[in-house]
Amino acid sequence: MKNKKAQLIGGKHKNAQVTVFIIIAILIVLFIAAFFAIRSGLFEPGLPAELDPVYSYYLSCIEAETGDGALILGEQGGYIEQPEFFPGSTYMPFSSQLNFLGIGVPYWYYVSGNGVAKEQIPSKAKMQEELNDFLEEKLLECDFSNFEESGFNINLGEAVVGTNINDLNIDIDIRQDFSISYGDITWTGSVHDTSINSNLGKFYDLGVSIYENQKETMFLEKYGLDILRLYAPVDGSEIDCSPKIWQEDDIRSELINALEANVPAVKLEGDYYNLRSEENKYFVQNIGEKVDVNVNFLYLSDWPMKLEVWPSEDGLLRADPVGLQEGLGMLGFCYVPYHFVYDFSYPVMIQLYSGDEMFQFPVVVEIDKNNPREALDVEGLPDVVPELCLHKNTEMNVYTYNTNLESVEANIKFKCFDTTCDIGETEIDAGDAVLVDNFPQCVNGYVVASAEGYKTKKYLISTVESDTAIIILDRKYKLDLEVQKQGAEIGNDYAIITFKKDGETITVNYPDMKEVELIEGQYEIKSYVYTDSHINLEGSSTQKCVDIPKSGLGGFFGFTEEKCFDLEIPDQIVSFAVSGGGKQNYYIGESELQDSSKLIINSDGFGVPTKVEDLQLNYNNVEVSGLDILFE
C-alpha cells in the first residue's frame with residue numbers, strides 16, 4: 001500500500017510539474033507575441049481625449065483622399081495614372097483615350113492608328129496599387145496648420161498604404177508614424193485602419209461583365225449594324241428611272257445624329273428603368289445577371305468616327321436605273337437597285353452610376369464590310385520598354401516655363417512616330433527648370449512636357465544632333481460657369497456648351513457641370529439651350545404608282561397595268577427642343593482668367609418651338625446669333 005500511495009503521489013507531482021511548465025511556456029509565447037505586436041504597432045496606447053480631434057481629422061483626411069482617388073478611378077476607366085497615350089490616324093481615327101468633357105478616358109477596347117486591336121482593362125489589383133500610390137502622396141498634404149496654431153505638436157512620417165476594393169466599401173490600411181503632443185500629453189501610433197463606403201468594386205465587376213458579354217455577343221455591333229441599315233443606303237431598290245445619288249458627308253451626318261439618338265436607348269436587363277412599350281425590348285440586352293444600378297450608353301457627335309463606303313467616287317455614291325437599257329424596254333418600268341459596303345466604327349461610352357458615384361469606360365464599336373467584327377485576340381498593354389527607348393545617345397537640354405517666363409518643373413517624355421519614351425523631369429537649377437539628358441535619335445519627334453495645373457505641350461524637334469528645347473506651358477484656370485438666356489439664368493432648362501480651340505473641344509453639360517477649365521487662347525464658343533417641348537411630327541402616307549407589264553399573255557404583247565405602293569412614315573414626338581443659343585469667336589486672355597472666378601455665357605432666346613418649322617429655324621438661329629461672354 002505504501003508503495004502504491006508513493007507512486008500515486010509521485011505521479012500527481014510529475015503531472016503538476018508538467019502543467020506548470022505548459023503554463024510558463026504559454027505565458028512566454030504570449031509575452032513574445034505582445035512584444036512584437038507592440039513593436040510593429042498592432043496595439044497602440046490609448047488615445048487621450050484631448051488629442052482625439054487631431055486624430056479624427058487625420059482619419060477624415062484619409063477617407064476624403066480615398067474618396068477622391070476612387071472618383072478618379074471611376075472617371076478614368078479604372079486608372080489614376082493613365083496608360084501611355086497613342087494617337088489615331090487618318091486610317092483609324094481612334095487614339096488610346098476618348099476625350100470626354102475634357103477628360104481622357106482610356107479605351108477598354110479600341111483599334112490603334114495602324115489597325116491593331118488593343119485592350120486596356122485594368123485589374124482590380126492594378127487599381128488598388130494606383131490608389132495606394134495616390135494616397136501615399138496625398139496624405140502628406142493633410143493640413144494640420146489649424147491644430148498647430150492651437151498649440152498641438154504633430155509629426156508625420158512616410159506613409160505605406162494598402163487598400164482593398166470591395167463591392168460596397170474600400171478598406172484602407174495605413175502604416176505611418178504619427179505622433180501628437182499637447183503640453184504634457186503625448187501619443188504615438190503607426191497603424192491606422194479605416195474604411196469608406198464605395199460602389200467602386202461593384203461597378204468594376206459589373207463593367208467587366210458588360211465588357212465580356214459585349215466581347216462574346218457583339219451586341220453593340222448588332223445595334224450599330226441596324227442603325228447603319230436604317231439610316232444609310234446599304235441594300236435595296238427604288239422604283240425610278242433616274243440615277244440615285246447620295247453624298248457621303250450627308251450619310252455621315254445622318255449616322256452621327258442616329259447614333260446620338262439611339263445609342264442611349266440601349267439597356268441591360270434589370271430593374272433600373274421602365275419600358276414604355278413592348279417594342280423597346282429590342283434595346284434590352286441580357287448579360288446573364290440582373291442589373292440593379294443605372295447603366296448609360298452614350299455617343300456624342302464630336303467623337304471620332306470611321307466611315308468608308310464602296311463603291312464611292314469623289315464622296316458620291318451612285319446607283320443607276322435598270323429598265324432603260326437596250327433589250328429591257330419590255331419591262332415597262334425602271335427600278336434602281338443599290339448595294340454599298342461599309343466600314344463603320346465609332347466609340348460608345350458605358351457609364352455605371354448610383355447617386356454621386358460613377359464608373360465609366362469606352363469601347364470602339366466596329367462594323368467591317370457590313371458585318372459585326374469577330375471576337376479576335378487583341379493586344380494588351382505592353383510591359384516592355386520600346387526598342388527605340390533603349391538607345392538614348394543624343395544629349396538634349398529642355399527648359400520649361402509658364403507664360404510669365406517663370407520656371408515650372410515638368411515631366412518630360414519624347415515621342416517619335418507611335419513610340420513614346422520616358423525621359424525624366426525638369427528641376428530648378430539656378431532659377432531655371434532644366435533637364436539635361438540623352439534622347440533617342442529621331443527626325444521631327446516631339447518633346448512632351450506635362451505639369452500639374454498646366455496643359456500638356458508638344459515641342460517639335462530633331463534629336464539627331466544635340467539641341468535645346470524651350471517649352472512654354474499654358475496654365476489651366478478653373479472657373480465657375482453660369483449659362484444665361486436673355487440675361488437670366490436658364491432655370492429649369494439645360495444647355496450644351498462647347499469650347500473649341502486648336503482642334504480640341506471641351507464640352508460642358510449645364511447645369512450638371514458648373515465648372516470649366518480653360519487656358520489662354522482663341523475659342524469658338526457655341527451654346528445650345530434646350531427646353532421641354534412636345535412637338536408632334538405627324539406621320540404621312542403617300543402612294544406611288546407605276547405601270548408594269550400585265551401578268552399572263554397580255555404582258556407578252558406589251559399590255560400594262562398600274563401598280564401602286566403605299567409609303568408610311570410614323571408619327572414622332574420631340575420632347576426636348578432648342579429654345580436659345582448662339583456662337584461666338586472670342587479670345588480669352590490670361591489676365592481675364594487670372595482675375596476672374598466666374599464665366600457667364602449669355603445667349604439669345606428664340607422661343608419654344610411648337611412645330612417642325614420652328615425647330616429648324618431655331619437650329620439655324622444658333623449659327624447666326626452671337627453670345628455675350630462675361631467674366632466676374
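The values are calculated or read from the model by the stated rules, or taken from the named source; none is laboratory data. This is a predicted model, so every value here is computed, not measured. Here Cβ is always computed from backbone atoms with ideal geometry, including for glycine, and neighbour counts include all displayed protein chains.
Annotations for the structure displayed:
- Looking across the range 401-434, the residues that are part of a strand (DSSP E or B), among the hydrophobic types (A, V, I, L, M, F, W, C) and within 30 Å of the chain's Cα centre (by Cα) come down to I412, F414, C416, C421, I423.
- Among the conditions (1) assigned by TED's automatic domain parsing to the domain that holds I170; (2) surrounded by 15 or more Cβ atoms within 10 Å (Cβ to Cβ); (3) in contact with a Phe, Trp or Tyr (Cβ under 8 Å, 6 or more places away or on another chain), T194 misses just one, which is (3).
- Any chance I210 is buried (at least 16 other Cβ atoms within 10 Å of the Cβ), in the same structural domain as G77 (by TED's automatic domain parsing) and more than 30 Å from Y338 (Cβ to Cβ): no
- In the range 68-83, of all residues being closer than 18 Å to Y110 by Cα and surrounded by 24 or more Cβ atoms within 10 Å (Cβ to Cβ), the one that is farthest from the chain's Cα centre (by Cα) corresponds to G78.
- Any hit, the range 174-182, residues being out of contact with any Lys or Arg (no Cβ under 6 Å at 6 or more places or on another chain), surrounded by 15 or more Cβ atoms within 10 Å (Cβ to Cβ) and part of a helix (DSSP H, G or I): no
- Here the strands (runs of 3 or more DSSP E) wholly within the range 435-495 that include at least 2 residues being under 22 Å from the mean Cα position of the chain (by Cα) and crowded, with 17+ Cβ neighbours inside 10 Å are 477-485.
- Residue among V398, V348, V309 that alone is at pLDDT 80 or above, closer than 30 Å to M513 by Cα and not in a helix (DSSP H, G or I): V348
- Among the residues of the range 177-202, those identified as more than 34 Å from the chain's Cα centre (by Cα) and touching a residue at least 24 places away in the same chain (Cβ under 8 Å) are F178, S179, I180, S181, Y182, G183, I185, W187, T188, G189, S190, V191.
- Within the range 337-355, considering residues that are more than 30 Å from S198 (Cα to Cα) and hydroxyl-bearing (S, T, Y), the one farthest from the chain's Cα centre (by Cα): Y338
- Count of the range 590-607 residues which are of a type outside the set (S, T, N, Q) and in a strand (DSSP E or B): 6
- Only one of L381, L331 that is at pLDDT below 90, outside the structural domain of T426 (by TED's automatic domain parsing) and farther than 22 Å from P93 by Cα: L331
- Residues of the range 141-168 that turn out to be part of a helix (DSSP H, G or I) and surrounded by fewer than 12 Cβ atoms within 10 Å (Cβ to Cβ), as a count: 4
- Output for the range 257-274, where each listed residue is in a loop (DSSP other than H, G, I, E, B) and either surrounded by 12 or more Cβ atoms within 10 Å (Cβ to Cβ) or in the same structural domain as I496 (by TED's automatic domain parsing) (or both): V266, E269, Y272, Y273
- Extreme residue, nearest to D235 (Cα to Cα), among residues of the range 275-316 that are surrounded by fewer than 16 Cβ atoms within 10 Å (Cβ to Cβ) and among the aliphatic types (A, V, I, L, M): L316
- Selection of first residues in the range 150-161 that are of a type in the set (F, W, Y) and of second residues that are in a loop (DSSP other than H, G, I, E, B) and surrounded by 13 or more Cβ atoms within 10 Å (Cβ to Cβ), restricted to Cβ pairs under 8 Å at least 6 apart or on distinct chains, gives the following pairs, ordered by first then second residue: F152/F144.
- All conditions but one from (1) at pLDDT below 90; (2) closer than 30 Å to D502 by Cβ apply to N585; the one that does not is (1).
- Hey, D250 assigned by TED's automatic domain parsing to the domain that holds A159 and either within 22 Å of P362 (Cβ to Cβ) or of a type outside the set (V, I, T) (or both) or not: no
- Number of positions in the range 99-126 that are touching an Asp or Glu at 6+ places or on another chain (Cβ under 7 Å) and free of Cβ contacts under 8 Å to residues at least 40 places away in the same chain: 1
- Filter pass, K526 being assigned to a strand (DSSP E or B), in contact with a Lys or Arg (Cβ under 9 Å, 6 or more places away or on another chain) and within 23 Å of N402 (Cα to Cα): no
- Residue check, N257 within 30 Å of L200 (Cβ to Cβ), of a type in the set (S, T, N, Q) and free of Cβ contacts under 8 Å to residues at least 60 places away in the same chain: no
- Yes/no for E137 being assigned by TED's automatic domain parsing to the domain that holds I62, at pLDDT below 90 and among the acidic types (D, E): yes
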